[in-house]
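The values are calculated or read from the model by the stated rules, or taken from the named source; none is laboratory data. A quick note: this is a predicted structure, and the numbers were derived from the prediction, not measured. Here the Cβ is made from the backbone with ideal geometry for all residues, glycine too, and neighbour counts use every protein chain on show. Only protein heavy atoms, including side chains, enter the accessible area calculation; ligands, DNA and RNA are left aside. Shrake-Rupley method; radii C 1.70, N 1.55, O 1.52, S 1.80 Å.
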Amino acid sequence: MTTGAAYEALTVETLPDRLAGIAVLAAKVGPEASAWQVEEVGDGNLNLVFIVSGPAGKAIVKQALPYVRLVGDSWPLPLYRAFYEHHALTRQAARDPGSVPEIYHFDEAQALIVMEFLAPHVILRRKLIAGEHVAGLAGFLGRFCARTAFRGSELSMASGDKKADAALFAGNVEIPAITEALVFTDPYFEAEMNNHTEGLGPVVASLRGDVALKIKAQRALQRFVSNAETMVHGDLHSGSIMSTENDSRVIDPEFVQYGPLGFDIGMLCANFLMAYFSQPAHRGPELETYQAWILGLIDETCATFETEFRHLWQTERTGILYPRTLFEDQGHDSGPACAEVLAGIWRDAWAVCGIEMHRRCLSLAHNADFEEIADPAIRAPLEARNLTMGAALIHAADGGLTAAEVCAMAREFNGKDVL
Ligand code: SR1
Ligand code: MG
């Protein structure tokens, strides 16, 4: 039993003995810890992830390491991120039931969460690289983003509850600080940990020389750190989603914080766009059809987000913001107010989208969509399309872009020889 003991990272060898006393884990996997099989499968940048299997079934044990796994112990990182991930998962489960894995047990001192083993789910990014389809994905993600955004904000929550939550998550300092630097700032100068594909030099120089772009990226950062509108997942990319051919869940909200309503959906769309731009290196004759499917995902995710957000506006607007007392009770339609809130969400979302497209090619943590293209001569021109579209998005974000316009931009950049 781990409770009360000083933190110690688990290994496949020590896990059965150390976690044997967790009744709910024994119930899920089997009563004899000596019969458990343990495999460490963490392929993310930060944590240990174990699959524990036994005669009764399987469970996941996720444990934070006291440093950034991707870099090593030269970059310490607080264990408290497991505490915030646990609280985020609890809230996401309440705000969008069935959207996240079930939590069985949380041990704060060991920074570990025992949770549902999702099967046969795999990381969505792997499916997008493999050219697989996921039915219902856009609807699921559009609803997830809308429900967690709306229900975590003062559009819905009592002001005191929202303030208490914002105060709770305000303690998550170092993890969002990674986003503040790696996502919003490092792409735009020669930061120490940056790297980019050879051959991209001219594109990178042009982005870094674009002062107006840097101002817009910093403005987006200002909103990210200062606009505590809702509880955001904080790292909603295709590696934070697990899917089968027709079911999906969101995982890994350790980057949770209070932030702009449009942050998660913006980051998500960026990862769809990067999947789109990388496809020529991964697909054969089905390239066009598959790329069209990815753009359809963006369109449908955003349309579902809007529909669900408007629905919640009509049915669950119980917070202090845009109250019925001020609109419906006065015989005034609140539709224009909802439209204005949505317009602000999309302004933030498309700016974040462009910035995320930049950081995944220029900053520390690249994504497999591009990284698994072994030949830099193939990778660089695809990344160049992605980078230049990212810049166009950031510049255009304030102009009331629609998802359809963003998809049209993607088609245009996909046909460009940028390098
Ligand atoms: C040092 S952590 C790098 C990245 O991994 C996480 O998944 C986040 O996306 C973070 O930016
Ligand atoms: Mg993660």
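Open to solvent by 10 Å² or more (accessible area, probe 1.4 Å) and within 12 Å of ligand 1 (Cβ to nearest atom) - does that describe any residue in region 223-231?
no
List the residue pairs whose Cβ atoms are under 7 Å apart, where the first residue sits in region 189-206 and is within 25 Å of Ala374 (Cβ to Cβ), the second is among the polar types (S, T, N, Q) and in a loop (DSSP other than H, G, I, E, B), and the two are 6 or more positions apart or on different chains.
Between residues of region 189-206 that are within 25 Å of Ala374 (Cβ to Cβ) and residues that are among the polar types (S, T, N, Q) and in a loop (DSSP other than H, G, I, E, B), the close pairs are Asn194/Ser363.
Return the pair list, or none, for Cβ contacts closer than 6 Å from residues in region 276-291 that are within 14 Å of Met389 (Cβ to Cβ) and at pLDDT 95 or above to residues that are open to solvent by less than 40 Å² (accessible area, probe 1.4 Å) and small (Gly, Ala, Ser), at least 6 apart or on different chains.
Tyr276/Ala410
Of everything in region 362-388 that's among the charged types (D, E, K, R) and outside any helix (DSSP H, G or I), which residue is most open to solvent (accessible area, probe 1.4 Å)?
Glu372
Exactly one condition in (1) more than 16 Å from Tyr7 (Cα to Cα); (2) within 16 Å of ligand 2 (Cβ to nearest atom); (3) not basic (Lys, Arg) is false for Ile113; which is it?
(1)
Conditions tested, residue by residue: (1) among the β-branched types (Val, Ile, Thr); (2) surrounded by 24 or more Cβ atoms within 10 Å (Cβ to Cβ); (3) within 16 Å of ligand 2 (Cβ to nearest atom).
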position: Asn246; (1), (2), (3): no, no, no
position: Arg249; (1), (2), (3): no, no, yes
position: Asp252; (1), (2), (3): no, yes, yes
position: Leu261; (1), (2), (3): no, yes, no
position: Leu273; (1), (2), (3): no, yes, no
position: Leu287; (1), (2), (3): no, no, no
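Quick one: is Ala164 surrounded by fewer than 16 Cβ atoms within 10 Å (Cβ to Cβ) and among the small types (Gly, Ala, Ser)?
In short, yes.
Can you tell me which residue among Ile113, Ile51 is β-branched (Val, Ile, Thr) and within 20 Å of the chain's Cα centre (by Cα)?
Ile113
When you scan region 1-114 for helices (runs of 4 or more DSSP H) that lie fully inside it, which ones turn up with 2 or more residues that are under 23 Å from Val232 (Cα atoms) and modelled with pLDDT of 95 or more?
Hits in region 1-114: 81-95.
Every residue in region 66-110 that is within 16 Å of Leu19 (Cβ to Cβ) and within 16 Å of ligand 1 (Cβ to nearest atom), please.
Passing the criteria: only Ala82.
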